Every structure is written in structure tokens, then in C-alpha cells.
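Asks: My questions will all concern the structure given below.
Only the coordinates and a few stated rules stand behind these numbers; no lab work does. Note that the structure is a prediction, hence the values are computed from the model and not measured. All Cβ positions, glycine included, derive from the backbone under ideal geometry; neighbour counts span all protein chains shown.
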Amino acid sequence: MVDLMFDLAGGTLPSAYPFALWAALLRHAPQLEGEKSVGVLPLRGTTNKEGLMLSRRAKLVMRLPATSAANASSRLIDQQLDLDGNIIRLGSAKIRQIQPYPTIHAQLVTGGSDEVLFTEDIKRQMGELDITGKLICGKRHGINGGPKSIQGYSLVLHDLNAEASLQLQYLGLGDERRFGCGIFVPYKVISGLSED
């Protein structure tokens with residue numbers, strides 16, 4: 001698995017943009033539909049009452065098998081995507097290798113309807129992968145307003161060995177990767193600070 005990163009230009013997108021973004025990507029690269037492991041990382045920007053305002057340095061990042069990256073890249077470079085009337089333009093692309101980090105974070109992971117059930121579900125999934133580590137469950141939130149509603153929690157996993165970190169970044173947890181859910185990225189922790 002690798003991250004395929006595109007330069008991105010656009011304005012403000014509705015908060016439920018992941019649904020329209022996936023549909024727009026499929027219009028240009030329909031083969032992505034058959035790749036169940038493909039995920040689209042949440043876009044970065046500033047959230048306001050109108051939605052998500054993309055930053056000037058925003059990137060569209062897709063996590064996908066390395067064998068699919070060249071084909072997806074060739075179909076998406078320099079394409080204009082229509083997200084229900086909101087236009088974004090993809091620029092050049094590059095591949096980023098996924099690196100192991102002891103602490104990783106996902107903005108939204110689908111799972112149980114309350115924190116206790118969610119935590120049990122995540123521990124079960126990690127157990128099935130034979131992965132040990134610690135977790136910190138964040139706030140419950142979701143993606144609403146599109147053709148469907150997705151709910152879950154933000155999640156930090158820490159004290160992971162290199163193999164477990166890579167496996168979780170490759171496979172993710174929960175469902176709905178195409179809408180940005182369950183995809184883990186490095187979570188840089190500031191440590192070693194002392195008050196002298």
C-alpha cells in the first residue's frame with residue numbers, strides 16, 4: 001500500500017463532500033470501484049458554517065495498492081472534479097511510502113453506537129489481526145447530509161511496534177475507507193519537554 005498524493009486547488013466544499021468526492025473520482029477512474037482496499041484520506045482545511053475551506057497547500061491523498069497507483073495517477077492528473085457543483089482541480093501527483101510510527105490517528109472510525117461498544121469493537125478487530133497496542137477514543141462525530149450518514153469516533157492507537165503500525169495503516173479499521181474512514185496516519189507526539 002502507498003499514498004498517492006495530488007496537488008489540489010479549490011475553494012469551499014460542503015461538509016458531506018466525501019460522498020461527492022468518491023463519485024467524482026469514479027467518473028474518471030472507474031476501476032477504483034473494484035478495489036476494496038482503496039481509501040481517500042480526509043481533506044485538510046478550515047471548517048466553517050459553509051463547510052470545509054481548502055487550504056492553499058491542500059492535497060488529495062488516496063491510499064491504495066502500489067500496483068494500482070500508476071493507473072489511478074494517469075487517469076486523475078490534471079482532472080477537474082465536480083463535487084455537486086463545487087469544482088476542485090487535481091494537479092501533479094507523487095507517491096509517498098507508508099512509514100511505521102508507534103502512534104497513529106484516524107479522524108473517523110466506524111463502529112459501535114457508544115464509546116464502550118466502539119472500544120470493544122476496535123479491540124476485537126485488533127485481536128483478529130493479532131495486534132496489541134493501546135487506544136484513546138476521541139469524540140463521536142460523523143459525515144451527514146449526503147446520500148447516507150456515517151457515524152463513529154476519532155481514534156489514536158499508540159505503543160505499536162513497526163509491523164503492527166504498518167499493518168493498521170495498510171488495512172485500517174472499521175468500514176467506509178472510500179469516504180475517509182478508518183485510515184490511519186502518523187500522529188506526532190511532542191515529548192521530552194520539561195519546565196526548567
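Asks: Out of residues 5 or more away from Val2 or on other chains, whose amide H comes under 5 Å of its own, with H placed 1.01 Å from N in the peptide plane?
Replies: Hits under the 5 Å cutoff: Leu64, Ala66.
Asks: Over all distinct alpha-carbon pairs, what is the Kirkwood Rh of segment 2-97 in angstrom?
Replies: Values: mean 1/r = 0.0747 Å⁻¹.
Hydrodynamic radius (Kirkwood, Cα pairs) of segment 2-97 is 13.4 Å.
Asks: Quick one: length gained pulling Asp84 to Arg124 fully straight, 0.36 nm per residue minus the C-alpha distance? Let's see the in-between values first.
Replies: Working: separation 40, 0.36 × 40 = 14.40 nm, distance 3.77 nm.
Length gained, Asp84 through Arg124: 10.6 nm.
Asks: For the Cα atoms of the chain, what angle does the longest principal axis make with the long axis of helix 162-171, in degrees from 0 to 90, nearest 10?
Replies: With both axes taken from Cα atoms, the answer is about 40 degrees.
Asks: Determine which lysines satisfy two conditions relative to Lys134: a Cα distance under 20 Å, and not lying fewer than 8 residues away in the same chain.
Replies: Lys123, Lys188
Asks: Tell me which lysines have Cα within less than 24 Å of Lys49's Cα, excluding those fewer than 8 residues away on the same chain?
Replies: The reachable lysines, counting only those whose Cα sits under 24 Å from Lys49, are Lys59, Lys139, Lys148.
Asks: What percent of all Cα-Cα pairs in segment 104-186 falls into each 10 Å bin, going from 0 up to the bin containing the maximum distance?
Replies: 19, 56, 22, 3
Asks: For the residue pair Ser154 and Tyr187, what label-to-label distance in nm results when each label sits 7 Å from Cα along the Cα-to-beta-carbon direction?
Replies: About 0.9 nm, to one decimal.
Asks: So if each residue of separation counts as 0.36 nm, and I subtract the Cα-Cα distance between Ala66 and Lys139, what length gain in nm does that give?
Replies: Gain in length upon complete extension: 23.0 nm.
Asks: Using Cα-Cα distances under 8 Å and only pairs 6 or more residues apart, what relative contact order does the chain have, in percent? Present the calculation step by step, with values, prior to reporting the outcome.
Replies: Working: 398 pairs, mean separation 53.9, N = 196.
Taking the mean separation of contacting Cα pairs over the length of the chain, I get 27 percent.
Asks: Enumerate the amide H contacts of Gly112 below 5 Å, restricted to partners 5 or more residues apart or on another chain; note that Pro and chain-start residues carry no placed amide H.
Replies: The answer is Phe118, Asp121.
Asks: While we're on this one: Rounded to the nearest 500, what is the chain's calculated 222 nm mean residue ellipticity when only DSSP H runs of at least 4 contribute -39500 (n - 2.57) each, over all residues? Write down the numbers at each step before the final one.
Replies: Details: 4 runs with 47 residues, N = 196.
The helix-only estimate for the chain comes to -7500 deg cm²/dmol at 222 nm.
Asks: What is the gain in length, in nm to one decimal, between Val116 and Thr46 on full extension, counting 0.36 nm per residue of separation less the C-alpha to C-alpha distance?
Replies: Values: separation 70, 0.36 × 70 = 25.20 nm, distance 3.04 nm.
That pair, Val116 and Thr46, stretches by 22.2 nm at full extension.
Asks: Can you tell me, using C-alpha contacts under 8 Å and at least 6 residues apart, the relative contact order of segment 104-186 as a whole percent? Write down the numbers at each step before the final one.
Replies: Values: 142 pairs, mean separation 36.6, N = 83.
Contact order relative to length: 44 percent.
Asks: Name all residues of segment 1-40 having a backbone nitrogen under 15 Å from the label point set 7 Å from the Cα of Arg56 along its Cα→Cβ direction, giving them as ranges.
Replies: Answer for segment 1-40: 8-11.
Asks: In the set (i) 18.3, 62; (ii) 17.0, 58; (iii) 19.6, 61, which value of Rg and Dmax of the Cα atoms in Å was calculated from the structure you see?
Replies: Among (i) 18.3, 62; (ii) 17.0, 58; (iii) 19.6, 61, the one derived from this structure is (ii).
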